[in-house]
1. Can you name the condition, by its number, that B:VAL274 falls short on among (1) in contact with a helix residue (DSSP H, G or I) (Cβ under 8 Å, 6 or more places away or on another chain); (2) under 22 Å from B:SER370 (Cα atoms); (3) free of Cβ contacts under 8 Å to residues at least 60 places away in the same chain; (4) away from chain A (no Cβ under 14 Å)?
2. Assuming B:LEU186 fulfils every condition listed in (1) within 23 Å of B:ALA29 (Cβ to Cβ); (2) surrounded by 14 or more Cβ atoms within 10 Å (Cβ to Cβ); (3) modelled with pLDDT of 95 or more apart from one, which condition is it?
3. Which residues, counting only those in region B:285-304, are in a loop (DSSP other than H, G, I, E, B) and either surrounded by fewer than 21 Cβ atoms within 10 Å (Cβ to Cβ) or touching a Leu at 6+ places or on another chain (Cβ under 7 Å) (or both)?
4. For region A:32-42, enumerate the residues that are within 22 Å of B:ILE502 (Cβ to Cβ) and either under 22 Å from the mean Cα position of the chain (by Cα) or of a type in the set (Gly, Ala, Ser) (or both).
5. Going by the conditions given, is B:HIS56 open to solvent by 10 Å² or more (accessible area, probe 1.4 Å), within 14 Å of another protein chain (Cβ to nearest Cβ), under 26 Å from A:MET419 (Cα atoms) and in contact (Cβ under 8 Å) with a residue 24 or more places away in the chain?
6. If I ask for residues that are open to solvent by 60 Å² or more (accessible area, probe 1.4 Å) and touching a residue at least 40 places away in the same chain (Cβ under 8 Å), which ones from region A:218-235 would you list?
7. So is A:SER245 closer than 19 Å to A:GLY359 by Cβ and either outside any loop (DSSP other than H, G, I, E, B) or open to solvent by 10 Å² or more (accessible area, probe 1.4 Å) (or both) or not?
8. Just to check your reading of the model, which residue among A:ALA91, A:ALA97 is touching a Gly at 6+ places or on another chain (Cβ under 6 Å), among the aliphatic types (A, V, I, L, M) and more than 7 Å from every other protein chain (Cβ to nearest Cβ)?
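The values are calculated or read from the model by the stated rules, or taken from the named source; none is laboratory data. None of these values were measured; they are calculated from a predicted model. Cβ sites come from the backbone with ideal geometry, for glycine too, and all protein chains shown count toward neighbours. Heads up: the accessible areas ignore ligands, DNA and RNA and are worked out on the full protein's heavy atoms, side chains in. Shrake-Rupley method; radii C 1.70, N 1.55, O 1.52, S 1.80 Å.
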There are 2 protein chains.
Amino acid sequence: MTDPNRPSTTDPNRNTLWARALVDELAAAGIDAVCISPGSRSTPLTVAFDRHEDIHVFSHLDERSSAYFALGRARRTGDVTPLVCTSGTAAANYHPAVIEASQSRVPMLLLTADRPPEIRDSGANQTIDQEKLYGDAVRWYRDVAEPEATPRKLRSLRTTAARAITKATGTPAGPVHLNFPFRKPLEPTPVEGDVPTDLPESATAGRDGAFVDTTAGAPELDDDALRTLAEKFSEPRGLLVVGPSDSPGVDPEAVAAFAHASGFPVLADPLSGVRYGGLVRTTPVVGGYDAFLGERVREAWPDPDVVVHVGASPTSKPLRKYLAAVDADQYVVDPAAGWREAEFTATDLVVADPSRLLGRLSRLLAGPGSRTWQERWTEAEAAHETVLDERDGFCEGRVLEDVVDLAPDPSTIFVSNSMPVRDLDRFGTPTTKTYTALGNRGASGIDGIVSTALGAGSATTDDLTLVTGDLAYYHDMNGLLALGRSDVEATIVLVNNDGGGIFHMLPIEAYDPPFTSQFVTPHGLDFEPTEDLYDLSFARVEGDDRDAFRDAYAEATTSEGSHVVEVATDAEASHRVRDELRERTVERVLEDTT
Amino acid sequence: MTDPNRPSTTDPNRNTLWARALVDELAAAGIDAVCISPGSRSTPLTVAFDRHEDIHVFSHLDERSSAYFALGRARRTGDVTPLVCTSGTAAANYHPAVIEASQSRVPMLLLTADRPPEIRDSGANQTIDQEKLYGDAVRWYRDVAEPEATPRKLRSLRTTAARAITKATGTPAGPVHLNFPFRKPLEPTPVEGDVPTDLPESATAGRDGAFVDTTAGAPELDDDALRTLAEKFSEPRGLLVVGPSDSPGVDPEAVAAFAHASGFPVLADPLSGVRYGGLVRTTPVVGGYDAFLGERVREAWPDPDVVVHVGASPTSKPLRKYLAAVDADQYVVDPAAGWREAEFTATDLVVADPSRLLGRLSRLLAGPGSRTWQERWTEAEAAHETVLDERDGFCEGRVLEDVVDLAPDPSTIFVSNSMPVRDLDRFGTPTTKTYTALGNRGASGIDGIVSTALGAGSATTDDLTLVTGDLAYYHDMNGLLALGRSDVEATIVLVNNDGGGIFHMLPIEAYDPPFTSQFVTPHGLDFEPTEDLYDLSFARVEGDDRDAFRDAYAEATTSEGSHVVEVATDAEASHRVRDELRERTVERVLEDTT
C-alpha cells in the first residue's frame, strides 16, 4: 500500500524525511528530472532524488555546466529542472546561468545545500555566506528551515516547494533559490527518535497529488482598454516585431491571426519561435530585415504608423536602429511590465500576456491595412533570398544558411553568441520546417553554450544542432562530458576562426596592438583531441569548400552518436563578404520596392 | 618630457583618459600585472593596461579561470593582480574565486566594465545588473562615476584606485569590486572636445608617485593587555596552532621566538607557511598530529593548559576534534576580529596582528614551560615519521610524501581539495627546504585549482608542483590554456582515482546506489589527450609502483616545459591503508610517549 516515493515514519532520520518530502512535492508539481553535482553536504537531497522513481538524474561534475544544462532544458520545455549542489563555491558556479535565466525569463530552481546556521561565519570548512548568493537575479529566495519532523515544518516545506515552482514559472519566469541547511548524519542512517513514530500520515506523506495546487492568471486587458488598442492599431502601415521569446513563447496561431487581421508584416527574430514552422506557410514572416534595413531603405520607404513589440529586444542591430529612427507609435507588450527596448523610442507599455492579447485583438481590428506596405516587406524578403541564392564567396553566414537548409525536421537548433546568432538572424531564412531555434540572449554570454544546447537537446526527441564559435566551444568544453553521461546526442558545428571574430566588426580593429593580442586573442587550439576526451567524433572542413561542409553536416546529422564538424574560417574575410552582400541586398530591395 | 604611461590632454577621448588615469594610479600603487579577458565593453581598460609599459598582461579566455589565476598570484605574493572583463555573465564567472579570496583573505581587485546607467534594465544587449554582484563577499564596492575629463572627477578616480588597493590589502585582505560604466566610443578614437585642452596637468597626469599614499596600521595590544596575556601564557603546557596563513602569512621568526620563549610546540598546518623552511631547523615543529591525535592519545596524555590559535582553522579534523575536547584556555588571535574556530571551545579572542603579537610576547614570557610536554610532541612526531619510513603498501598519501621529498628547492607546492591537502597534512612531514605550500582552503572548493596553481607559479621563479585529484583537474581543464599563453611552467601530479575518492571516507559509502552513481561519479575520462590540447607532456604511472612515480616526478621537475604525471590509484584501498597507518602510528606514539 505504501508508495515508495512518499516519505513516512519509517524514514531513518529527519534529513531523509525532509528531503524526501521536498522531492515528493516537486514530483507532484511535475518535475521529472534533476541536475546533481556530487558533494557531501547535499547528500540528503541527492539520495532523495536518486531514489525517486519518477525523476531522472543528470549527474554533472562542473556546476557551471550543470546550471547551463538545466537552463537549456527549461528553455526548450518551459518546465523546471532543479539543480542540486553542495555548500561552498559550488553554488557560486551556478551564478552565470542564474543571470542568463533571470534575463531571459527561463524557469530555474536552485537547491543549494548549506552548513547549519550556527557554524556559518566561524571558519568551518566549506562554509560560505550563501544567503542571497545571487542577489536580485532570483525571483525568490528562502533560507529553508532546519529539518525537523513536525507537522507544521513539513507543511511549510511542501508549501515552499509548491511556491518555488509557481515563482520560477510565473510572470516573468526565472530562477528561484532555496538554501537547505543540513547537519549530520547526512546519509540515511537510522537516528533513534528523529522521526517520531506517531507522526500522522498527513504530516509525512503529504496529500493526494500536490500539497498546494497553484492556479495562476496572466495579465489581461479589460474590454475597454482592448478596444482602445484595437482602434490605435487600425492603421494602414504597421509592424509586428517578435523578439526572442520568453519561455514558453508567443503562440504562433495568435501571431498569425493578428497578422491577418492587421495586415502587419511579422518581423520574426530567429529566436522568436515564429520564424520557423507552420506560421510561415500562411503569414508574411520577414526574416531578412537585418540584411536590408538601414538609412537608405528607411529614407526610400514611408515610415510605419504603428509598431507592436512582443518578446525580448530583437537580436538585429539594424532593426533596432531602424525602429529607433522611424516616426511611429510603438507599443511594448510585456506581461511582466518590463521594458525591453533600449532606444527608448517606444510610446506605450502594454502589460498583458502577448498571445492572448494578439488573439483577442485579431477579432477587433478594423481590417487589414495597406497591401502595398505588406508587399514592400515581402518583396524585400524575396530580394534578400535571391541575393543569397545568387551569390558566391564564402562567409560564415553560409554555415547557418546550410544548417537551416539541411537540418532534419524536426530539429532544435541552438546558436551561440556572438556571431552564430547574428548569422542565423541574417542568413537563416524563414522555413516551414519545425525548427526550434534557441540561444542565450538574456545576457548574451559566450559561457555555458555547449551545456545549454545539450540540456535543450536532452529535453526533446528532436535532432539537435549546435552552431558555436571557437571561443564559446572552448569556454564550456567541460559541458561535452554530458555527451557520454546522458542520452543526448548532438551535431556541433564549430565555426573556428581562432579567436574573437566579432571584434573585426568593431572600431578597435584599427588599433593593433592591442587588437590581436587582447581582443582577437588567437589561441591556436587544435580541438580535434576533444574527440579522444569526450564521446564524439570530429571532422574538419575548410569554410570555402561548401560541398564538403554540406556533406559533413548531412552525414553527421544522419549518423549515430555525436559529431563535431569544424569549419575553418577567416573572420575578417567573412565580415567583408557580409558587408558586400548587405550592399547588394540593399540595392536590390531599393530597385524592387520603390 | 611627457611620460607615455601618464594620461594627458592629448588623449583622444574621455574614456581613454579615464582608463589611463586608473591604470597609471594602479601602477603607482605597485601593480605590475593584470589578468584580462577579451570583450568589447572593457576596451578602454584593456587598451590602457596593454599600453602601460610597467604592467604585464595575462590574457585568459575563461573568466572563471582568470579570477583563480589572479587569486593564485596574490596568494603567492600578497599583492593584487587586477582582473578586467566585459559586461554581462563574464563578471559572474569571477564569483567562485571572489568567494575563495574573501574567505581566505587574499587581495583581489575586480574591474568590471558595464553599460552606461541609462540602458541598464532596459533590454539592452549584454546588460545585466552588476551592482553589488558579489554581495557581501567583497570588502568594498563602487559603481564608478561615468568618465568625464574634469579635475574633480579625475581626482575622485585616482583616489578610488588608491582606496581600492588599500581595502584589498587591508585587514582582512580580500576582494574589491569597481564597476566601470563606459559609453561609445570605447576605442581610442578622437572625439573633439571630449578632453578639454586647457585641463591642468595636475588633473590629467596626477601627482609624482601615487596620488594618495596609504599608511596603514595593524591592530596591536597596549602594554597592559600584552602583560596580562604573557602571564596567562606562562603555563607549563601550551600549544601554538598555526592554521592556513592569511596573505602574507605569519612571520616564521616571530613564531620561532615565541616557541622558544614559551616552550610551546608548534602545530603547523601544511598551509601555515611555517611547516617548511628554516624554522624547522631551530624549533619544535609538529606536522604529524593528523596521524596520531585522537581519543586514545588525548586520554593517555595530560591536556594542554593553554592553546594559541593563529591563522585560519586547521585542515586536520583530528586536530580540531582534539582541541575541542581538551580542557584548556584557548586564544583565537585574529587581526580582523574574525572567528575561525567552529567548535566554539575557544575562550578568548585576541584582536592583534599575530606576527607582532608573538614577537612582543616572546620578550615577556616567564620562561619555557614543561620540557616533558614538548618532548612528548617531538617524540610523537618522530614516531609518525618512523612509521612512514617503515611501512609498505601504497596509499595516495605516499604521493605527497614523495613530492615533499623530491621537489626542487625552492618550490611552490599547490595542493588541491579534497584529498591532496589532507594527504599533505598527514604525509608531508616538516622539512627545512624552502617550500611554499598553498591551497584554496577558504571555501575548499575543487573548482579553479589548476588556475590558482598556475597563477601562484606565474608570480615566482620557484619551481611549481601542483598535486590534484581527477575531479579538480577536470573542473578547471580550461586553466591549462595558461601554460601556453604565459611564461609559467608546472609539474602537475594528477592523482586519478576516477571520481570522488573522498566519499569513501564518508558513511554514504554504505548506501549504493546512489553511492557510485551520484557520489563517486566515475567519469572514465582518459586525460592523456590534454597533452594534445595544451602545452604539456603527459606520463602515466601506477600508484603502487613507487619507483616509477619517483622517477617520473623527478624527471618532470628537471625537464623543460610543463608535465602531467598521472598516478592511477584506488581510492578505497588508499583509505584502508591510511587507516592502518594511523593505527600503527597511534600505537607507536602511545608506546614511545606514555
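1. Going through the list (1) in contact with a helix residue (DSSP H, G or I) (Cβ under 8 Å, 6 or more places away or on another chain); (2) under 22 Å from B:SER370 (Cα atoms); (3) free of Cβ contacts under 8 Å to residues at least 60 places away in the same chain; (4) away from chain A (no Cβ under 14 Å), B:VAL274 breaks only (2).
2. (1)
3. Pass one, region B:285-304, residues in a loop (DSSP other than H, G, I, E, B): B:287-288, B:293-294, B:301-304.
Those that are in a loop (DSSP other than H, G, I, E, B) and either surrounded by fewer than 21 Cβ atoms within 10 Å (Cβ to Cβ) or touching a Leu at 6+ places or on another chain (Cβ under 7 Å) (or both): B:LEU293, B:GLY294, B:TRP301, B:PRO302, B:ASP303, B:PRO304.
4. Step one: filter region A:32-42 for residues within 22 Å of B:ILE502 (Cβ to Cβ), giving A:35-42.
The answer is A:CYS35, A:ILE36, A:SER37, A:GLY39, A:SER40, A:SER42.
5. On the way: open to solvent by 10 Å² or more (accessible area, probe 1.4 Å): yes; within 14 Å of another protein chain (Cβ to nearest Cβ): yes; under 26 Å from A:MET419 (Cα atoms): no; in contact (Cβ under 8 Å) with a residue 24 or more places away in the chain: yes.
Here the answer is no, as B:HIS56 does not meet what is asked.
6. Of all residues in region A:218-235, those open to solvent by 60 Å² or more (accessible area, probe 1.4 Å) come to A:220, A:222-224, A:227-228, A:231-232, A:235.
If the condition is that a residue be open to solvent by 60 Å² or more (accessible area, probe 1.4 Å) and touching a residue at least 40 places away in the same chain (Cβ under 8 Å), then A:GLU220, A:ARG227, A:GLU231, A:LYS232, A:GLU235 are the ones that fit.
7. Details: closer than 19 Å to A:GLY359 by Cβ: yes; either outside any loop (DSSP other than H, G, I, E, B) or open to solvent by 10 Å² or more (accessible area, probe 1.4 Å) (or both): yes.
Yes; evaluated as a whole, the condition is true for this residue.
8. Numbers: A:ALA91 fails: touching a Gly at 6+ places or on another chain (Cβ under 6 Å).
None of the others qualify; the one that does is A:ALA97.
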